[in-house]
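Here's the structure we're looking at; comments come further down.
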Amino acid sequence: MVNYLVLLMVALAVAAYFVGRSRAVASVGGEVSRLHSLPGQHGLFLAMIAAGPALLAVLIWRIATPGIEDSIVQARFAAELAEFGVPQLQAFLRDARAIAFGGIVSFPDETKEAAAVVFRSLHQTSIGLITALALILAAGGSLFGYSRIAPAYRARHVVERVVKWFLILCSMIAILTTIGIVLSLIFESILFFSEIPIFNFLFGLHWSPQSAFTGAGGEVGDVNTEIFGAVPLLAGTLLITFIAMLIAAPVGLMAAIYLSDYATQRVRAVAKPVLEILAGIPTVVYGFFAALTVAPFFRGVGESIGLDVASESALAAGVVMGIMIIPFVSSLSDDVINAVPQSLRDGSAGLGATRSETIRRVVLPAALPGIVSALLLAVSRAVGETMIVVMAAGLAANLTFNPLEAVTTVTVQIVTLLVGDQEFDSAKTRAAFALGLLLFVITLALNVIALRVVQKYREQYD
Amino acid sequence: MTDTTLSTGPASPDGLHTGDAAKMRLRARYAAEARFKWLGAGAVALAGFFLLLLLSTIVTKALPAFQQHYVMLEVDLSADKIDPADPRAANFLGLVHDGLGNEFPQVSGRQERRLLRGLVSTGAGVVLREEIEADPAMLGGTHRIAVPLDDFADLYLKGLLAKSGPSQRIADVRVSGAGDEVALGFADDAIMAMARGAGAVEGEGGGLRLTSGSQSFLLRIAGGTVKITELSSREAGGAVGKGTVLELLERSVETPADATLRTIETAEADRKITDREIVWLDRLAGAGKIENRWNTLFFFTGASREPELAGIWGAVVGSALTMVVTLALSFPIGVAAAIYLEEFATRNRLTNLIEVNINNLAAVPSIVFGLLGLAVFLNWFSLPRSAPLVGGMVLALMTLPTIIIAARAALRAVPPSIREAALGIGASKVQTVFHHVLPLAMPGIMTGTIIGMAQALGETAPLLMIGMVAFIVDIPGGFTDAATVLPVQIFMWADFPEPAFQQKTSAAILILLGFLVIMNAIAVVLRKRFERRW
């Protein structure tokens, strides 16, 4: 129904464009040069004013109604729902909606049937209202716009102002996204920290949220506040990141040096795409590779030399993550190394240094801030990487720095806590948001430091 | 001055730059130079090696999944089996099982029959039903129908489940006795040595026992198969043994006859398929009743718990729907934002803030976008879980920075003279941008968009957060249906314990990589074709 309304509005907009155009042309008797704005701009103006407000109303209605309907139903069934906790309430509304509008109903009962009737009638009313409103807006807008079209009317100014505001709105989405991320993380985290002291979370040594006790009936009972200690997760993340950087930093850096200072054109033509392909492979593929090929390989090697390697060892996850980050490090440091002016290299060569001496004593020190920043960005990337560790690292939180044992990471725990049909209101699921906040803060800090390093220590050569 | 230094140079062997020590130093420096160069080349080669290893592992694992073995069975579709008035009510799987049972009339006993039935896929009934629905004229007679084999049978036929040793002829073998257990007689005791080599257990009195932990010796004789269980050498020469009949002998072997010995090198305890099933499959294959076909099921069905029925189509459709949403949101918004920042915005605090935000968003871990989607789209706007609509919205937010950054670079590359010319002949700012600058920047913007979409196509973590990890059998039909996407399907299949899913996972990865290669190739072509130097 509403979809047809939207289609109708779109059709109206198209029609309004042509009507506006031809009215503008007719208003000057075909002498288009007498118009202030081009006929097309008059057409656009009419299309915007005819369909725009109505479409906006439908959009707002689409976003706002579910919440309004829910609260009306809740108010009407307040007596029946009085003893419900939030998860049951959500399940109740979900089922009632499913009965009313079609869908999979988990536990039908009489109250839900009654609520479904209310939902259906509410929905009918609101559709009637929005249809009426949209039609009124469309009719009013069309008439108003139609009456404004005249040779001297500044249609172009209106259209261009609308376009400009649309552009501004679009660029604000980046800010809105950041605000959305920060608010949603902080909001859930505050709820979490109201149950679990932040000190226990940041400095606790024990992580096993699966054993958190949640009382029956949805309300959280005595949650053991000692089991949400994030230190083992941070240690695991650190260990895997460290192993990854151990692979990625030297290989990526040397590859960048070789490609920028040694490689012939032909080698570069082959090697660059290889690195780009390595960078373009989805992380889930790396995860599969780690879990199925690399981890058993390390396990086999360990067995043959008498070492006990866990099948989900930090080593396997770290090495594969390192491979994934190689192209990241190499492309970032390639840019930095290429930015070092040729005159420095020539000067060094003129003093009799070999190429490697030039690189080690002149180019690298000059490029150091950029390289440090590239490595920091790579670390931030490794910390936030999810799929490789979800597939190849462990689930149990061990506080160890032995790379042969299984460790878990922040991202793995976020996934484990939130995947599956869990009710969205226990300390367990909120812990995922607290971890997400931690992750966001860590990566943000790394990025900001990386930026500062470049800004502060960069040498200006020109 | 110069003369003196020149003349003394060669004469003194310990001059600062010419002496032996200096030569040694120089040699050391050159050696260091060569080492450094090789280190760099080694790093590049190592990256190439990793790529090759990754791709070759996946390709070799994936190839078997593109084929599937089918067994051709005579299925009785007469009226007393299928009611022509209501064909859908028939027990199709039962009909397939009857057809298989007819191939092996001698198989009796509950357990054995169940084992036999397990050779065909549990989805064989659905395959049969669809075939009848496509051609109702089949009803009423007996028809030869191809049904897919079970995953383990399929893997065995592909040679991935058990390693077969060489078959060899053994002359003068006697078989005596009837029933399941028979006595065997061999003319020479070479078989004893073979059994020892095959891991047979030494029993009492110098006898050998072939257990489930050793290789299997299957003796083909007189149209039947006997599995050797015990062996001992005779003093008079030759050997005697005992065996289990896996397949009834067509005639008794009173006088010594030639036999073929087939060895299965993987011990029965270490494989997921029994000797009996191997014998049955070999018999079917020997009779030409097994066909290796291109695996159409894999390409055109949805997900399933049964590996031989699991297909990729549901995930491909889910991915396509998700990408449509992502593209529809991120392309216009990204281009609009880039146009504003590059062409209209004056440098002020707001635009600075926007730029810092865009750069930061590009570095935010993808899983955090998933948390955003969960908290805002699912919990706040109560949009449906697992839907391509929500997945597409989350991925759009994620790709937005990529598209904005690429679009800005493309807009910046358009020379100012174009803008000045347009403005000079009276175009407004908006007209200049939309009629002149944007079309010229479009190839660059498209390239950036395609690369951003390729990233989004491979993204998994944020979609796990919004419930796209659910097990969904149906092919999604719309933007709000529950769906999964290719990378998530890969993630789920990688977790399944059945060995056949490993091949399926690799095959799905190949398909995903195929899409990525196509997208990137388009981007490269666009760049090559339309790149302009001003």
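The values are calculated or read from the model by the stated rules, or taken from the named source; none is laboratory data. All figures in this text were calculated on a predicted structure; none of them were measured in a lab. Backbone-built Cβ (ideal geometry, glycine too); neighbour counts: all protein chains shown. When the accessible area is computed, the model is the full protein with side chains, heavy atoms only, and any ligands, DNA or RNA have been set aside. Shrake-Rupley method; radii C 1.70, N 1.55, O 1.52, S 1.80 Å.
Points to keep in mind about this one:
- Solvent-accessible area lost in complex, 20 Å² minimum, residues of segment B:460-479 relative to chain alone, 1.4 Å: B:Thr460, B:Ala461, B:Leu464, B:Met465, B:Val469
- Shape of segment A:267-330, Cα gyration tensor, a/c cut at 1.5: prolate
- At R0 = 45 Å, FRET efficiency that the Cβ-Cβ distance of B:Arg88 and B:Ala45 yields, to 0.05: 0.15
- Protein-protein interface of segment A:276-301, residues with accessible area decrease of at least 40 Å², isolated chain reference, 1.4 Å probe: A:Leu278, A:Ile281, A:Pro282, A:Val284, A:Val285, A:Phe288, A:Phe289, A:Leu292
- Probe 1.4 Å, accessible area per residue of chain A, Å²: 48 Å²
- Helices meeting the span-like rule in chain B (full DSSP H runs, Cα extent of at least 27 Å along the helix axis, mean Kyte-Doolittle score of -1.0 or higher): B:20-62, B:313-339, B:388-413, B:438-458, B:499-530.
- Distance distribution note for segment B:165-270: the fraction of Cα pairs above 24 angstrom is 15%.
- Between A:Phe107 and B:Asp180, the FRET efficiency from the beta-carbon distance, with R0 = 56 Å, is close to 0.55.
- Accessible surface, per residue, of segment B:421-534 when the full set of protein chains is kept, probe 1.4 Å, Å²: 43 Å²
- Subtracting the Cα-Cα distance of A:Val231 and A:Lys164 from their residue separation scaled by 0.36 nm leaves 19.2 nm.
- Between B:Ala320 and A:Ala152, the simple spin-label model (points 7 angstrom out along Cα→Cβ) gives 5.7 nm.
- Cα-based Kirkwood hydrodynamic radius, segment A:316-435, one decimal, Å: 17.5 Å
- These residues, B:Trp38, B:Trp294, B:Trp493, go from largest to smallest accessible area, 1.4 Å probe, as B:Trp38, B:Trp294, B:Trp493.
- Computed with the Debye formula from one identical point scatterer per Cα of segment B:54-186, without solvent, the log10 of I(q)/I(0) at q = 0.19, 0.20 Å⁻¹ comes to -1.09, -1.15.
- Long hydrophobic helices in chain A, taken as whole DSSP H segments with a C-alpha length of 30 Å or more on their own axis and mean Kyte-Doolittle hydropathy at least 1.0: A:2-27, A:155-195, A:231-257, A:314-339, A:427-457.
- Chain B against chain A buries an accessible area of about 6300 Å², both chains summed, 1.4 Å probe radius.
- Over the protein assembly as shown, dividing the summed -39,500 (n - 2.57) contributions of all DSSP H runs of at least 4 residues by the number of residues returns a 222 nm mean residue ellipticity of -20500 deg cm²/dmol.
- Distance between segment A:340-378 and segment B:417-459 - C-alpha centres, whole angstrom: 37 Å
- In the protein assembly as shown, the portion of solvent-accessible area held by carbon and sulfur atoms comes to 62 percent [1.4 Å probe, whole percent, DNA, RNA and ligands not counted].
- Counting Lys and Arg as +1 and Asp and Glu as -1 over every other residue whose Cβ lies under 15 Å from the Cβ of B:Thr60, the net charge comes to +3.
- Largest-first ellipsoid semi-axes for segment B:13-62, taking √(5λ) over the Cα gyration tensor eigenvalues, angstrom: 46, 6, 4
- List of segment A:383-409 residues, accessible area with partners at least 50 Å² below that of the chain alone (1.4 Å probe): A:Met387
- Rounded to the nearest Hz, the phi-derived 3J(HN,Hα) couplings of segment B:222-227 under the Karplus curve 6.51 cos²θ - 1.76 cosθ + 1.60 (θ = phi - 60°) are 6, x, x, 9, 10, 9, where x marks glycine and proline.
- The modelled label-to-label distance between B:Phe434 and B:Ser108, using points 7 Å beyond Cα along the C-beta direction, is 8.6 nm.
- What the pair-distance distribution of the protein assembly as shown shows, using all Cα-Cα distances binned every 20 Å from zero, is 10, 31, 32, 19, 6, 1, 0 percent.
- For chain A, dividing the convex hull volume of the Cα atoms by the residue count gives 241 Å³ per residue.
- Angstrom value of the Kirkwood radius, inverse mean 1/r, which spans all Cα pairs in chain B: 29.9 Å
- Between A:Phe84 and B:Tyr30, the FRET efficiency estimated from the beta carbon spacing at R0 = 51 angstrom works out to 0.05.
- Comparing Cα centroids, segment A:46-85 and segment B:24-89 end up 51 angstrom apart.
- Cα Rg, Dmax, segment A:225-457, angstrom units: 20.2, 70
- Stretch in chain B that is longest and holds no GluC sites (Glu not before Pro) that DSSP places in a loop and that have at most 10 other beta carbons within 10 Å: B:251-534
- Heavy-atom surface of segment B:164-262, accessible at 1.4 Å and reported per residue (Å²): 49 Å²
- Isotropic mean projected area of the C-alpha convex hull, segment B:313-530 (nm²): 13.8 nm²
- A:Ser343 accessible area, assembled protein chains, probe 1.4 Å, Å²: 80 Å²
- Label-reachable residues, segment B:18-49, where backbone N falls under 19 Å from a point 7 Å from A:Glu276's Cα toward its Cβ: B:44-45, B:47-49
- Label-point separation in nm, A:Ala64 to B:Thr57, each point 7 Å along Cα→Cβ: 5.5 nm
- Rg followed by Dmax, in Å, when segment B:275-392 is reduced to its Cα trace: 25.0, 81
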